[in-house]
Structure formats: C-alpha cells, structure tokens
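Participant: My questions all concern the structure below.
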Amino acid sequence: MFSGFKNSCRRIHIFAADFKKQAFMAGDITLTMIKPDAVKKNFIGPILKMINEAGFRIVAMKYTKLSKEKAGEFYAVHRERPFYGELVDFMSSGPIVAAILEKENAVDDFRKLIGATDPSKAEEGTIRKLYAASIGENAVHGSDSDENAVIEGDFHFSKLERF
Ligand code: CMP
C-alpha cells in the first residue's frame with residue numbers, strides 16, 4: 001500500500017515537472033528557418049550573427065533539406081492560399097537551417113528582428129530588409145505565435161536534439 005502511494009507521488013511529481021517545462025517553453029521559444037535563398041547567397045553566417053547579437057540562445061539547430069511533402073506539411077495552414085504551390089516548391093528547392101531559439105518574449109522579439117514578410121515593407125536594419133529579395137524569397141521564417149512555435153519546434157526536432 002505504501003509503495004502504491006509512493007508511485008502515485010512520483011507520477012504527480014513527473015507530471016508537474018513536465019507541465020512546468022511546457023509552461024516555461026511556451027512564450028520563450030520560437031522556430032526559425034534560414035530559407036533556401038539566403039543559404040544559396042551565403043547569408044547563414046551574417047543571419048546567425050544578428051540572431052546571437054539580439055540575445056537569442058540556440059536550443060537546437062540543423063542544416064537540412066525539406067522534401068516537397070514535408071514543406072507542404074509545414075505550411076499546411078496556407079494550403080488554400082494562391083501562393084501555396086510556389087511556397088512548397090521554393091522551400092524544398094535547397095538546403096535550409098532550422099533552429100529553435102530561446103529568449104523571453106521570443107516570438108514577438110524575433111518577428112521584430114526579421115521585419116515584415118514583404119522585405120520592401122521591412123524596417124531598416126531587419127534581417128529581411130538586409131537579406132531578403134521578395135515576399136516569396138524572404139530569407140527567414142519566424143513562428144507567428146507561441147502555440148505554433150511549439151508545434152514547429154516539434155516538427156523539426158526531437159527532445160534529444162535540444163540542449
Ligand atoms: P513565412 O514567414 O515563412 O510564412 C509563410 C510564407 O508564405 C511567408 O513567409 C512568405 O515567404 C510566403 N508568402 C506569403 N505571402 C506570399 C505571396 N503573396 N507570394 C508568395 N509567397 C508568399
């Protein structure tokens with residue numbers, strides 16, 4: 001009977017720790033991809049430098065290439081948009097760098113750092129203003145909400161790939 005009680009306590013403890021971890025992570029992480037255009041133009045280094053200097057910690061990172069199927073899955077929310085096919089073709093056209101970044105207020109701060117989706121509307125000094133060519137080939141992705149940051153982080157990385 002006592003061991004049953006001990007096991008229940010242990011389960012509650014594990015549940016509480018997991019809950020705390022999830023609660024901590026939502027709001028403190030964002031998912032970025034350095035897109036095929038920026039990789040092709042050798043902008044990985046300068047973009048990572050801006051990310052570091054803005055105070056983001058790299059939790060996970062990989063150099064990879066999305067298949068058409070995986071790119072379609074990642075951007076499934078845009079399936080009905082006229083640019084969906086173009087977006088999937090572009091995002092699977094070459095290697096990318098995917099990363100989970102951590103910082104207080106990560107989603108909003110990262111969106112400020114990258115600038116508007118359309119680089120012609122992006123503020124001076126933002127990543128897209130400096131390194132993006134067009135709305136389609138816009139150099140970097142950044143999650144648009146805390147909820148999507150968690151979903152997108154899980155899309156690219158297992159728990160074992162995070163440090
Ligand atoms: P991203 O932040 O990765 O999220 C969705 C992407 O869709 C966006 O960046 C753009 O690259 C792309 N996108 C948005 N609007 C258009 C458009 N009008 N034409 C082509 N691509 C677009």
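We did not get these values from a lab; they are worked out from the coordinates using the rules stated. As the structure is a prediction and not an experimental result, all values here were calculated from the model. Every residue, glycine among them, receives a Cβ derived from its backbone with ideal geometry; neighbour counts consider all protein chains shown.
Participant: Would you grab the residues whose amide H sits under 5 Å from the one on Arg162? Only those 5+ places off in sequence or on another chain, please, with H modelled 1.01 Å from N.
Facilitator: Amide H neighbours of Arg162, under 5 Å, 5+ apart: none.
Participant: Only four residue types carry charge here, +1 at the Cβ of Lys and Arg and -1 at the Cβ of Asp and Glu. Report the dipole size of the stretch 28-161 about the Cα centre in Debye, rounded to the nearest 20.
Facilitator: Taking the Cα centre of the stretch 28-161 as origin, the dipole is about 540 debye.
Participant: Considering only Cα-Cα distances, which of the following residue pairs are longer than 21 Å: Lys49/Lys121; Lys41/Lys70; Lys41/Lys62; Lys49/Lys70; Lys40/Lys65; Lys49/Lys129?
Facilitator: Lys49/Lys121; Lys41/Lys70; Lys49/Lys70
Participant: Among Met91, Met50, which comes first, then next, by fewest other beta-carbon atoms within 10 Å?
Facilitator: Sorted ascending by nearby Cβ count, the order is Met50, Met91.
Participant: I need the phi-derived Karplus couplings for the stretch 141-146: 6.51 cos²θ - 1.76 cosθ + 1.60, θ = phi - 60°, integer Hz, Gly and Pro marked x.
Facilitator: These are the phi-based 3J(HN,Hα) values: 10, x, 4, 9, 7, 4 Hz.
Participant: Okay, moving on. Highest mean first, what order results for 31-39, 141-149, 80-88 on Cβ atoms within 10 Å?
Facilitator: 31-39, 141-149, 80-88
Participant: Normalise the Debye intensity by I(0) for the stretch 28-161, one equal point scatterer per Cα, no solvent, then take log10 at q = 0.11, 0.16, 0.18 Å⁻¹ and round to two decimals.
Facilitator: Log10 I(q)/I(0), no solvent term: -0.34, -0.76, -1.00.
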